[in-house]
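The values are calculated or read from the model by the stated rules, or taken from the named source; none is laboratory data. All values derive from a computational prediction rather than experimental measurement. Glycine gets a Cβ as well: all are built from the backbone with ideal geometry, and neighbour counts include every protein chain shown. The area values use the complete protein model at the heavy-atom level, side chains included, leaving out ligands, DNA and RNA. Shrake-Rupley method; radii C 1.70, N 1.55, O 1.52, S 1.80 Å.
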Amino acid sequence: MTTAGYRSPWIDDEIVALQDMATKFFETELIPHQERFADQKHVDREFWNQAGALGLLCASIPEEYGGGGGTLAHDFALFDAQYGLGDTAFGNMVHSGLVAHYILAYGSEEQKQRWLPGMASGAIVGAIAMTEPGAGSDLKSLRSTAVRDGDHYVVNGSKTFISNGKHADLVIVVAKTDPSAGAKGTSLIVVETADAPGYEVGRLLNKVGMKGQDTAELSFTDVRVPAANLLGEEGAGFGYLMKQLAHERLVVAVCAAAATEAAVALTVRYTKERKAFGATLFEMQNTRFELAECATLAHVSRVFVDSCIERHLRGELDGATASMAKAYTTDIQGQVVDRCVQLFGGYGYMLEYPIARMYADARVQRIYAGANEVMKELIARSL
Ligand SMILES: Cc1cc2nc3c(=O)[nH]c(=O)nc-3n(C[C@H](O)[C@H](O)[C@H](O)COP(=O)(O)OP(=O)(O)OC[C@H]3O[C@@H](n4cnc5c(N)ncnc54)[C@H](O)[C@@H]3O)c2cc1C
């Protein structure tokens with residue numbers, strides 16, 4: 001729930017129209033299937049093609065590569081629309097928000113022409129595999145390797161918690177091309193999964209929340225990848241990750257701000273209907289004060305994220321501020337959704353109520369894309 005009359009300064013009429021179209025699509029094609037998607041632990045593969053046909057994938061990728069030709073604002077508006085409806089199943093944030101931008105930023109002309117049009121249409125689903133069972137926050141310690149053998153790399157390793165893992169046709173694998181060189185020996189290798197003997201999708205993970213989102217383990221055993229699938233320069237992968245992570249953190253903050261507002265709006269509506277002791281819950285002073293505070297926190301998140309988006313669109317957002325946005329908005333999301341659940345009473349604990357799912361979904365926001373403790377380290381370094 002945004003405060004009356006407030007419109008994010010980076011949103012214009014064209015972006016509002018895109019958001020409205022996306023909202024209608026999500027309301028008819030996504031929300032009614034949430035329970036089924038949660039049971040199967042992923043959206044239908046066809047959903048990606050439907051989203052692509054409507055222009056909801058790669059909205060900020062130039063038209064010459066099949067994208068929507070918009071700016072990052074178009075992507076943010078779409079993520080906002082999805083989280084504003086309380087959905088976390090559709091992994092577009094990773095696909096359009098991250099993977100497509102790695103390819104756009106570091107891919108050769110040939111690579112961009114080869115992969116981006118398919119990502120925009122939904123023919124190719126993208127994932128990025130950094131995390132390993134033994135290396136999450138401490139990415140420098142990852143053990144996957146990509147060893148050069150003639151005109152191929154031979155990729156070995158295990159990755160876990162990979163969003164879009166089951167459906168991924170293209171995985172950007174973070175691996176060591178020179179294990180003796182530490183972070184400087186890290187490279188990004190694009191694995192095209194359709195014809196990759198030795199590539200396996202493991203378990204679809206059973207998560208506390210985000211039940212409909214495809215999150216999988218991936219394993220690579222002597223997977224031969226053409227050397228031409230190296231993204232950018234060999235050994236430069238860690239630097240690319242550090243550069244893109246600020247963007248990733250803002251993507252999470254956008255989703256957090258939208259989900260926080262949505263939780264407040266749902267709770268205002270519910271407490272105005274639910275009666276106890278001869279009055280609506282909303283008429284009780286505690287409810288009014290709780291929701292007044294929650295609405296204020298949601299609005300502060302929104303305005304902070306808007307400021308970051310404006311700076312990011314001008315190419316001026318620094319990593320420390322992106323980390324502040326990620327840590328602040330996800331902490332606030334957790335606090336506000338928890339307070340909203342309280343106002344729903346027992347119904348707030350039932351998964352058939354969106355607020356209960358939002359409560360479960362919110363928890364991971366403080367963990368992934370860099371745990372909030374890591375965000376504080378990054379912020380502190382800038383002080
Ligand atoms: C649903 C989901 C989706 C994900 N999607 C992807 C994906 O698509 N691709 C991908 O590569 N990864 C993905 N991840 C992985 C995610 O980024 C990692 O879980 C995250 O980086 C934390 O790593 P870890 O789980 O190994 O925790 P650890 O690194 O073991 O950290 C555990 C805890 O230790 C604390 N901690 C860690 N470092 C520090 C520090 N420097 N200072 C203080 N405290 C610290 C924090 O509290 C942290 O939460 C996903 C995870 C989840 C749960």
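Among the protein heavy atoms, those of Leu104 account for about 40 Å² of accessible surface (1.4 Å probe, every chain in place). The portion of the accessible surface of the chain made up by carbon and sulfur, rounded to a whole percent, is 53 (1.4 Å probe; DNA, RNA and ligands excluded).
The local environment of Tyr347, defined by Cβ-Cβ distances under 14 Å, has a net charge of +2 under the rule Lys, Arg +1 and Asp, Glu -1.
Pairs exceeding a 21 Å alpha-carbon distance, out of Lys41/Lys326; Lys176/Lys243; Lys41/Lys159; Lys176/Lys326: Lys41/Lys326; Lys176/Lys326. In the assembled protein chains, Lys41 presents an accessible area of approximately 60 Å² (probe radius 1.4 Å).
The three principal axes of the Cα atoms in the stretch 134-276 give end-to-end lengths of 73, 29, 25 Å, sorted in falling order.
Computed over Cα pairs, the Kirkwood radius of the stretch 126-194 leads via Stokes-Einstein (1.306 mPa s, 10 °C) to a diffusion coefficient of 130 µm² per second. Across the chain, Cα pairs under 8 Å and at least six residues apart give a relative contact order of 17 percent. Under the combined filter of DSSP loop state and at most 16 neighbouring Cβ atoms within 10 Å, the stretch 2-44 retains these chymotrypsin sites (Phe, Trp or Tyr not before Pro): Tyr6. Packing here is the average count of other Cβ atoms within 10 Å per residue, and on that basis the peptides 336-347, 217-228, 169-180, 118-129, highest first, run 118-129, 169-180, 336-347, 217-228. Under a cut-off of 12 Å between alpha-carbon atoms, report the aspartates and glutamates in cross-link reach of Lys112, not counting same-chain residues fewer than 8 places apart. Candidates past the 8-residue exclusion: Glu63, Glu64. In this view, the solvent-accessible surface of Arg45, computed with a 1.4 Å probe and all protein chains in place, comes to about 70 Å². Per residue, the chain reaches -15500 deg cm²/dmol at 222 nm when only DSSP H runs of four or more residues are counted, each adding -39500 (n - 2.57). The Rg/Rh ratio of the chain, with Rg taken over Cα atoms and Rh as the Kirkwood radius over Cα pairs, comes to 0.98. Straightening the chain between Ala196 and Thr3 buys 64.4 nm, computed as 0.36 nm per residue apart minus the Cα-Cα spacing. Note on the stretch 52-129: Cα-Cα pairs beyond 15 Å make up 49% of the total pair count.
Grab the other residues whose beta carbon is less than 13 angstrom from that of Gly185, score K and R as +1, D and E as -1, and report the net.
Surrounding charge for Gly185 is +2.
Based on protein heavy atoms only, the chain ends up with 43 Å² per residue of surface accessible to a 1.4 Å probe.
Quick one, could you list the DSSP H helices from the chain stretching 30 Å or more along their long axis (Cα atoms) with average Kyte-Doolittle hydropathy of 0.0 or above? The qualifying helices are 237-273, 285-313, 319-344. When you restrict to C-alpha pairs under 8 Å that are six or more residues apart and normalise by the size of the stretch 15-97, the relative contact order lands at 35 percent. With no solvent and one equal point scatterer per Cα, compute the Debye intensity ratio I(q)/I(0) for the stretch 1-41 at 0.19, 0.33 Å⁻¹ and report its log10, rounded to two decimals. Ignoring solvent entirely, the Cα scatterers give -0.71, -1.04. The stretch between Val16 and Asn49 holds 9.6 nm of extra length on full extension. This uses 0.36 nm per residue minus the Cα-Cα distance.
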